[in-house]
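Colleague: Please find one structure pasted underneath; my questions will follow.
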Amino acid sequence: MLSHRFSTSTHQSLGEPRLPVMALSNPAVFLYGPGKAQIQDRPEPRITDPTDAIIRIKFVGVCGSDVYHVLEYHTNESDGFQVHFWNHGGVNGKFVSESNPLVMGHEASGTVHAVGPAVTHLRPGDNVAIEPGQPCRSCDRCKEGLYNLCPHMKFAACPPDTPGCLTKYFKIPADFCYKLPPGVSLQEGVLAEPLAVAAHAVRMIGVKPGQSLVIFGAGTIGLVCGAVARLFGAKKIVAVDLLDHKLEFARNLNASNTFKPDLSASPEKNAARLIEKNGLGLGADAVIEATGAESSIVTAVHVLRPGGSCVQTGLGKAVVNFPILAMSEKELHMHGAFRYNQGDFKVAMDVLEAGKLPLKSLISTIFDFEQTTDAWEATKQGRGIKNMIRGYGYKDPARISHL
């Protein structure tokens, strides 16, 4: 088995390849543990089911779960960057190891390489976005359309044994591939996955025309939530974050207003100041909490008007202190959200096809396949909004570098 060891002990500039390029048939980036990654060759996938599709991966997005960070603001010191897979080797109690490594990546676009004989909506050469989960299709949750809750879900890059998209060729059922509309680039196609997360969140809280919405977190998910909510008719969107450059980006993209919490203030005081500063009256109609930070969650409860709705898309600590009395007295509607389900990817593709939003501006830097760990490190350090990794051997004409 051919392998390359990513070096993390010495720094190289982001514009230089970390590793020499060698002839591999189906190279993939395996994570072996915290800070340990290798490029290894894998068997090239073959059509084994008549509904299979094999995709030549062109771009993979770096997701928060790859290099997860949470900024708390309830004390004078933030918790800083907490890294999940890259720093800790896993998430939610599921970890990779030296004896059980895993191919990373779940946000991806590519070109159809081959399809099974039953596939009629795709053909080789089509550009597609990939929905990276494979439910069982037969359990009660799947039959209800809630396949994101399928207990047998095989989601890309999830331990212990479901490989991800950071590979040259990736096999998936063809009905989880969405053909990119004319004019939508492969880079933008990567954004279909976070857009589906956003569509799921916005639909859960039922954003209506004319409503006010506060979004905690101006990272990729928070920003695309704002974009989708705007298309659903939200009139006033307030973006909340600790980082000035992200607030500026949110203003330029879709936010009506922005708010930077006071690190020394309580969640209640930050909520009161946010409401007053943005003219929200009794509070916001709806909240999307996209950070997972405990103080942000508490602030969100106090920001909502009586009868308001909140959806939790950010994942942080497993257990948090929660103001349940305020929730009950205001009769708030609190929703958990997990990935996406029936219809959400369709909304994402509609958003891409409409072309009404400057989504390409979300893309910060595109790294070569051999620079995967550089992409993870850049995201870990908060550089850029959506960093991407170029598929192995793919030489696209666009070499974006905003960092």
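The values are calculated or read from the model by the stated rules, or taken from the named source; none is laboratory data. Note that the coordinates shown come from a computational prediction; the quantities given were computed from them, not determined experimentally. So basically every Cβ, Gly included, is an ideal-geometry build from the backbone, and we count neighbours across all protein chains shown.
Colleague: Here is a list of conditions, (1) free of Cβ contacts under 8 Å to residues at least 60 places away in the same chain; (2) closer than 29 Å to L243 by Cα, and C150 meets all of them except one; can you say which number that is?
Modeller: It fails just one condition, (2).
Colleague: Now for a different question. How many of the residues making up region 216-233 are under 17 Å from C310 (Cβ atoms), assigned to a loop (DSSP other than H, G, I, E, B) and of a type outside the set (A, V, I, L, M, F, W, C)?
Modeller: 1
Colleague: A further question on this structure: Would you point out which residue out of P323, P306 is in contact with a Lys or Arg (Cβ under 8 Å, 6 or more places away or on another chain) and at pLDDT 95 or above?
Modeller: Result of the check over P323, P306: P306.
Colleague: Restricting the search to region 204-218, which residues are in contact with a Gly (Cβ under 8 Å, 6 or more places away or on another chain) and surrounded by fewer than 24 Cβ atoms within 10 Å (Cβ to Cβ)?
Modeller: K208, P209, G210, Q211
Colleague: Further question on the same structure: Considering only region 366-389, state which residues are charged (D, E, K, R) and within 17 Å of the chain's Cα centre (by Cα).
Modeller: Taking region 366-389 first, the residues charged (D, E, K, R) are 368, 370, 374, 377, 380, 383, 386.
Of everything in region 366-389, those that are charged (D, E, K, R) and within 17 Å of the chain's Cα centre (by Cα) turn out to be E377, K380, R383, K386.
Colleague: Within 16 Å of C225 (Cβ to Cβ) and surrounded by 13 or more Cβ atoms within 10 Å (Cβ to Cβ): does that describe D374? Steps first, answer last, please.
Modeller: Working: within 16 Å of C225 (Cβ to Cβ): no; surrounded by 13 or more Cβ atoms within 10 Å (Cβ to Cβ): yes.
No; evaluated as a whole, the condition is false for this residue.
Colleague: Moving on. Do we have A114 as in the same structural domain as T51 (by TED's automatic domain parsing) and in contact (Cβ under 8 Å) with a residue 24 or more places away in the chain here?
Modeller: Yes.
Colleague: Would region 171-186 turn up any residue that is surrounded by 17 or more Cβ atoms within 10 Å (Cβ to Cβ), assigned to a helix (DSSP H, G or I) and charged (D, E, K, R)? Before the answer, list the steps.
Modeller: Pass one, region 171-186, residues surrounded by 17 or more Cβ atoms within 10 Å (Cβ to Cβ): 171-172, 174, 176-178, 180, 184-186.
This time we only want the ones that are assigned to a helix (DSSP H, G or I), so: 174, 176, 186.
So of that shortlist, the ones also charged (D, E, K, R) come out as none.
No: region 171-186 contains no residue that is surrounded by 17 or more Cβ atoms within 10 Å (Cβ to Cβ), assigned to a helix (DSSP H, G or I) and charged (D, E, K, R).
Colleague: Could you go through region 128-151 and let me know if any residue there is of a type in the set (S, T, N, Q), in the same structural domain as Y32 (by TED's automatic domain parsing) and in a loop (DSSP other than H, G, I, E, B).
Modeller: Checked against the condition, which is being of a type in the set (S, T, N, Q), in the same structural domain as Y32 (by TED's automatic domain parsing) and in a loop (DSSP other than H, G, I, E, B), region 128-151 yields at least one hit.
Colleague: Working carefully through the options K246, K330, K317, find the one that is at pLDDT below 95, surrounded by 15 or more Cβ atoms within 10 Å (Cβ to Cβ) and either out of contact with any helix residue (DSSP H, G or I) (no Cβ under 6 Å at 6 or more places or on another chain) or hydrophobic (A, V, I, L, M, F, W, C) (or both).
Modeller: Going through K246, K330, K317 in turn, the sole match is K246.
Colleague: Name every residue in region 92-147 that is more than 24 Å from L180 (Cα to Cα) and small (G, A, S), in order of residue number.
Modeller: G93, S97, S99, S138
Colleague: So which residues in region 234-278 are in contact (Cβ under 8 Å) with a residue 60 or more places away in the chain, closer than 20 Å to C310 by Cβ, aliphatic (A, V, I, L, M) and part of a loop (DSSP other than H, G, I, E, B)?
Modeller: Across region 234-278, the qualifying residue is only L242.
Colleague: If I go through region 307-344 residue by residue, how many of them are of a type in the set (K, R) and closer than 21 Å to L213 by Cα?
Modeller: Of the residues in that region, 2 qualify.
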